[in-house]
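Written below as structure tokens is the structure these notes are about.
The values are calculated or read from the model by the stated rules, or taken from the named source; none is laboratory data. Since the model is a prediction, treat every value here as computed from it, not as a measurement. Counting neighbours? That spans all protein chains shown, and the Cβs are built from the backbone with ideal geometry, glycine included. Please note that ligands, DNA and RNA were not included when accessible areas were found on the heavy atoms of the full protein model with its side chains. Shrake-Rupley method; radii C 1.70, N 1.55, O 1.52, S 1.80 Å.
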Amino acid sequence: MNKIEQALSRATDTKALELGPGAVGKAADMFKRLFPGKKAVIVAQTPTWEAAGKEVYRILDEAGIRQEEPFIFTDEGMHAEWVYIEQLDALLSKTDAIAVAVGSGVVNDLTKLSSFHNSRRYMIVGTAASMDGYTAFGASITKDGNKQTFSCTAPLGAIFDSAVAAKAPYALSASGYADLMAKIPAGADWIFAHEVCGETLDDFAFSLVQDGLSEALSDPAGVRAGDEKKVRQLAAGLLLSGFAMQAFQSSRPASGAEHQFSHLWDMEHLTVNGNTNSHGVQVGIGTLASTAFYELLFETHVEDLDVDKCVAAWKTWEETEADIRRIFNNEEKFVTRGLAETKPKYVDKDGLRTQLETFKAKWPDLKPQLQERILPFDEVRERLRLVGAPYEPEHIGLTRERLRESFVKNQYMRARLSVVDMAVRCCWLDEWLDRLFGKGGRWEI
């Protein structure tokens with residue numbers, strides 16, 4: 001049984017997957033198997049309708065599957081925003097048709113949540129290896145100016161035609177590549193949280209994401225050039241990440257501090273030249289940030305950590321809450337999130353002492369385990385460059401001063417321990433930031 005078969009056997013939501021060149025041709029067979037006797041309605045954007053939607057419509061039609069008129073979003077540069085959920089909800093509420101999403105992140109998330117709202121499953125035909133959300137539970141939608149993850153069921157069936165994806169604009173594959181590379185520090189963060197804080201680490205979900213990363217990330221230049229085999233390998237890695245999130249019922253297998261940077265920048269409405277960044281490219285810069293902190297950690301003499309000093313400096317929850325309000329200038333959406341996400345991982349002084357003593361005791365064995373996983377900063381940067389993704393903060397509209405501030409804010413974005421949290425707990429944060437942004441640092445200001 002290969003990895004995808006294993007993933008399907010454990011997946012809670014998705015029961016069928018076709019991956020490879022020509023996979024679109026199996027759309028009718030999958031639909032009939034999963035939704036016997038049902039009517040279909042294709043949901044697409046104008047570019048994805050041209051890339052594969054027309055073909056899917058023809059295939060379903062020739063197979064005798066009844067269809068509503070295709071629903072095609074025509075707004076240029078659209079993102080997964082609530083106004084489009086309302087439009088799709090209005091359509092699905094008037095029909096019992098099963099949505100067949102044809103597209104990538106935006107179309108998939110919109111269709112996923114709207115289908116859930118209308119108490120039915122859906123099917124996805126992916127058109128670009130641009131993100132890991134095809135087979136993931138939950139949908140990331142911007143509502144009231146805040147990008148939020150809404151709980152909803154993953155697709156019942158997924159088709160990914162790698163020949164179609166290989167022809168997609170290279171920026172889409174670059175985004176997916178950066179999103180997949182983020183799994184490297186995300187995996188290290190999960191190990192860290194497991195070893196130091198006792199957080200549950202699911203071996204199956206962990207291996208689904210991590211075991212194939214080396215192969216899937218092996219040829220960034222080939223991915224950029226549209227090599228079908230390399231795009232297929234990238235897509236497999238992304239799909240497996242989605243399955244891991246299904247199996248674990250959490251994004252933890254695929255998300256660490258690097259994603260927390262992106263969540264922050266989403267909330268801050270980070271743009272470059274007036275355009276919103278894709279999820280993957282922001283996560284790529286977040287991966288560089290996490291990697292930089294891991295390299296500093298590896299250079300640090302953890303055996304000399306003064307636990308008593310760290311415990312004495314540790315703030316009470318009331319002081320921490322005051323910090324959150326101050327750092328985010330009492331802006332409600334940030335304070336609300338910061339308090340909700342920080343409280344679950346907060347520990348008192350005794351709890352901190354236990355964590356730090358555990359950290360020191362386990363570090364001799366933990367260090368080589370993490371070093372084996374983390375790619376060197378310069379290699380991460382070069383791979384991002386080769387695949388055509390942003391590799392400097394300025395490329396995504398982020399000044400170096402703002403990136404430095406993002407490290408401080410990062411710890412409040414998710415209720416998960418990460419390398420950034422450990423830097424805070426060990427009183428290393430300011431020193432490390434001075435090294436990264438000071439003279440001769442990675443991002444000298």
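Looking only at region 350-359, how many residues end up being touching a residue at least 24 places away in the same chain (Cβ under 8 Å), of a type outside the set (S, T, N, Q), open to solvent by less than 80 Å² (accessible area, probe 1.4 Å) and farther than 15 Å from PHE298 by Cβ?
Going through region 350-359 one residue at a time, the tally reaches 3.
Filter region 241-258 down to the residues that are open to solvent by 10 Å² or more (accessible area, probe 1.4 Å) and either closer than 20 Å to ALA128 by Cβ or touching a residue at least 60 places away in the same chain (Cβ under 8 Å) (or both), then identify the one that is farthest from the chain's Cα centre (by Cα).
Among those that are open to solvent by 10 Å² or more (accessible area, probe 1.4 Å) and either closer than 20 Å to ALA128 by Cβ or touching a residue at least 60 places away in the same chain (Cβ under 8 Å) (or both), it is ALA247.
Which condition does ASP219 not pass, out of (1) touching a residue at least 24 places away in the same chain (Cβ under 8 Å); (2) within 21 Å of ARG381 (Cβ to Cβ); (3) surrounded by 18 or more Cβ atoms within 10 Å (Cβ to Cβ), if it passes all the others?
Condition (1) is where ASP219 drops out.
Does region 87-104 contain at least one residue that is among the polar types (S, T, N, Q), within 29 Å of ALA236 (Cα to Cα) and open to solvent by less than 10 Å² (accessible area, probe 1.4 Å)? Show your work before the answer.
Residues of region 87-104 that are among the polar types (S, T, N, Q), as a first pass: 87, 93, 95, 104.
Checking which are within 29 Å of ALA236 (Cα to Cα) leaves us with 104.
When the remaining residues are screened for being open to solvent by less than 10 Å² (accessible area, probe 1.4 Å), the result is none.
Taking every residue of region 87-104 in turn, none turns out to be among the polar types (S, T, N, Q), within 29 Å of ALA236 (Cα to Cα) and open to solvent by less than 10 Å² (accessible area, probe 1.4 Å).
Could you tell me how many of the residues in region 48-74 are within 28 Å of the chain's Cα centre (by Cα), closer than 19 Å to ASP161 by Cα and crowded, with 17+ Cβ neighbours inside 10 Å?
Residues that pass the stated criteria total 6.
Do you know which residues across region 393-433 are over 22 Å from the mean Cα position of the chain (by Cα) and not β-branched (Val, Ile, Thr)?
Once the filter is applied, which keeps residues that are over 22 Å from the mean Cα position of the chain (by Cα) and not β-branched (Val, Ile, Thr), region 393-433 yields ARG400, GLU401, ALA423, ARG425, CYS426, CYS427, TRP428, LEU429, ASP430, GLU431, TRP432, LEU433.
Conditions (1) hydroxyl-bearing (Ser, Thr, Tyr); (2) free of Cβ contacts under 8 Å to residues at least 24 places away in the same chain; (3) part of a strand (DSSP E or B), marked per residue:
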{"position": "ALA28", "(1), (2), (3)": "no, no, no"}
{"position": "GLY37", "(1), (2), (3)": "no, yes, no"}
{"position": "VAL43", "(1), (2), (3)": "no, no, yes"}
{"position": "TRP49", "(1), (2), (3)": "no, no, no"}
{"position": "VAL56", "(1), (2), (3)": "no, no, no"}
{"position": "ILE85", "(1), (2), (3)": "no, no, no"}
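Please enumerate the residues belonging to region 259-302 that are without any contact (Cβ under 8 Å) to a residue 60 or more places away in the chain and outside any helix (DSSP H, G or I). Lay out the reasoning, then the answer.
Taking region 259-302 as the starting set, the residues that turn out to be without any contact (Cβ under 8 Å) to a residue 60 or more places away in the chain are 262, 268, 274, 299, 301.
Residues satisfying the conditions are GLU268, GLY274, HIS301.
Could you figure out which of (1) more than 12 Å from the chain's Cα centre (by Cα); (2) under 18 Å from ALA171 (Cα atoms) isn't true of SER262?
The number of the failed condition is (1).
Name the residue, out of ALA292, ALA340, that is among the aliphatic types (A, V, I, L, M) and open to solvent by 20 Å² or more (accessible area, probe 1.4 Å).
Of the residues listed, the single one that is among the aliphatic types (A, V, I, L, M) and open to solvent by 20 Å² or more (accessible area, probe 1.4 Å) is ALA340.
Got a number for residues in region 367-392 being open to solvent by less than 50 Å² (accessible area, probe 1.4 Å) and over 25 Å from the mean Cα position of the chain (by Cα)?
Summing the residues that are open to solvent by less than 50 Å² (accessible area, probe 1.4 Å) and over 25 Å from the mean Cα position of the chain (by Cα) in region 367-392 gives 0.
Since PHE243 meets every condition but one in (1) part of a helix (DSSP H, G or I); (2) out of contact with any Phe, Trp or Tyr (no Cβ under 9 Å at 6 or more places or on another chain); (3) at pLDDT 95 or above, which condition does it not meet?
Status for PHE243: all satisfied but (3).
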